[in-house]
1. What is the calculated FRET efficiency for S246 to Q69, with r their C-beta to C-beta distance and R₀ = 35 Å, to the nearest 0.05?
2. Hey, with R₀ at 41 Å, roughly what FRET efficiency would Y118 and W269 work out to, going by the Cβ-Cβ distance, to 0.05?
3. Once you list every other residue whose beta carbon is under 11 Å from the beta carbon of I101, what net charge do they have if Lys and Arg are +1 and Asp and Glu are -1?
4. At 222 nm, what helix-only mean residue ellipticity would the chain give, in deg cm²/dmol to the nearest 500, using -39500 (n - 2.57) for each DSSP H run of four or more?
5. Using only the alpha-carbon atoms of the chain, report the extent along each of the three principal axes, biggest first, to the nearest angstrom.
6. Would you mind listing how long region 103-220 runs along its three principal axes, going by Cα atoms, in whole Å with the largest first?
7. Using amide H atoms built in the peptide plane, which far-off residues or other-chain residues are under 5 Å from R35 H to H?
8. Over the chain, what is the relative contact order in percent, taking alpha-carbon pairs closer than 8 angstrom and at least six residues apart?
Amino acid sequence: MPQKPRFFYWFLLPSTLTAFGLVLSLLAILQYSVRSYVPGSLEVGGPTLDNFFELLKPLYAKAFLETVQISLYTAVFTLLIGYPLAYALIRAQRAWCRSLILIIAITPLFLGEVVRTYAWIIVLGTTGFINSLLMGIGLIDRPLRLMFTQLGVVIALVHVTLPIMVLMLAAGLSHIDRNYERAAHSLGAGPVRAFLTVTLPLSMPGIIAGTLTAFAWTFSAFATPQLIGGGRVNTISTLVYQLGFSSLNFPFAASLSIAGLILTALVLWGVSRLSRSFESLGGGR
């Protein structure tokens, strides 16, 4: 059995230190979440579980539900838009076409999330590009309300998440052996049937990875829901900001963060189990 080089463990040092710092941060948040809030003071009180019971109020339950809805909508729409892009990126015959698709797909990564969000504020505003275009061609007679709505937040988050989805789907599609599709064609399957019975099931690992990443990325997003939502679309991240930095209620903000982390893990676990069932179903064809 070959021995590991001496410098192998030095390569593990950065990730180990990062993981250690992350664990310490989570422990600090956990201990804040079980401390009582002292109004008008940055100091916290004694141990208590009241913070977690407060999460059962309708306001916070609605924020949890809305966060899950936004994350699911974003993951689904990002998948629907990203899959054709990734498919075209991998299957395009000409190099310039592949390069163009790749540039279009990953260019948003070179812009900060705040910059992209402000751009969407201009696009989604009452006098923005979308409303001006629709009113100019006569489809509507008054501006649509896109800002400060869940729809506007989802549209902006899809743009933010799309590059990651395309890259993950492209990685999954690139590992599919084209001989399987040729075999399906030789057995009489048309292009659509070959795609649905061969390509789509075999690309399920990329779909699962991209969907889970998009969901988790969106679940923790802050800048986009805060700016596009304008305080009218409450998500867990925006509530944590409001409680922690506006009300200085750090214990309750910490308990909300812990609950959000647990909910994210549970939803990802459920989606992963469901996705594996679809993957096994596709693999058995």
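Every read-out reported here was derived from the displayed coordinates using simple, explicitly stated rules and does not represent laboratory data. All of these numbers come straight from a predicted model, not from anything done at the bench. With ideal geometry, Cβ positions are generated from the backbone for all residues, glycine too; neighbour counts draw on all protein chains shown.
1. 0.90
2. 0.70
3. Result for the local shell: +3.
4. -23000 deg cm²/dmol
5. 73, 73, 36
6. Rounded to whole Å, the extents work out to 55, 35, 25 Å.
7. Residues meeting the amide H criterion: T48.
8. Relative contact order comes out at 27 percent.
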